[in-house]
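Remarks on the structure that follows.
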Amino acid sequence: MATIRVSEAEATRDFAGLLAHIRAGKVVVIESSSGAVAVVRPAGSEFRPRLLSESIILAKRHAYELGYEPVIDAGFAADLEEIIRNRQPWNPPSWE
């Protein structure tokens, strides 16, 4: 899926154009001077968050392609373990 990047000002100035890009299947990243503010994707059943099991498979495939296994820094690994230990069921608001 193609990605385009626009500033907050551009997104505000040409919202119709922004929606046209999204309808055409593009992902739009709206940015400010400090970085990404929002990511807008086309609606549809083809988009869903990636499962942790899928991420693990992708990481193993990447390691195989590299020929070595990248090492996760200890702080990141600890943060990830804490997130997994404390995860809760996702209960999105009714409008999502």
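Got a number for carbon plus sulfur as a percent of the chain's accessible area, 1.4 Å probe?
It is 57 percent, rounded to a whole number.
Can you list, largest first and rounded to whole Å, the semi-axes you get for the chain by taking the square root of 5 times each eigenvalue of its Cα gyration tensor?
Semi-axes (√(5λ), whole Å): 31, 18, 16.
Of the chymotrypsin sites (Phe, Trp or Tyr not before Pro) in the stretch 2-96, which ones lie in a loop per DSSP and count no more than 16 other C-beta atoms within 10 Å?
Answer by residue number: PHE47, TYR68, TRP90, TRP95.
Calculate how steeply helix 52-66 sits against the longest principal axis of the alpha-carbon atoms of the chain, using the helix alpha-carbon long axis, and give the answer as 0 to 90 degrees to the nearest 10.
Computed tilt is about 80 degrees.
Magnitude of the Cβ-charge dipole of the chain, K/R +1 and D/E -1, about the Cα centre, nearest 20 debye?
Computed charge dipole of the chain: roughly 360 debye.
With n ≥ 4 as the cut-off for DSSP H runs, can you work out [θ] at 222 nm for the chain, using -39500 (n - 2.57) per run divided by the number of residues, rounded to the nearest 500?
Helices in the chain give a 222 nm mean residue ellipticity of -13000 deg cm²/dmol.
Accessible area per residue of the chain at 1.4 Å probe, in Å²?
On a per-residue basis, the chain sits at 85 Å².
Only bridges with both residues in the chain count here: give the DSSP antiparallel percent, nearest 5.
50 percent
For the chain, what's the relative contact order in percent, using C-alpha pairs closer than 8 Å and at least 6 residues apart?
18 percent
The values are calculated or read from the model by the stated rules, or taken from the named source; none is laboratory data. All of these numbers come straight from a predicted model, not from anything done at the bench. Cβ atoms come from the backbone with ideal geometry, glycine included; neighbour counts cover every protein chain shown. Heads up: the accessible areas ignore ligands, DNA and RNA and are worked out on the full protein's heavy atoms, side chains in. Shrake-Rupley method; radii C 1.70, N 1.55, O 1.52, S 1.80 Å.
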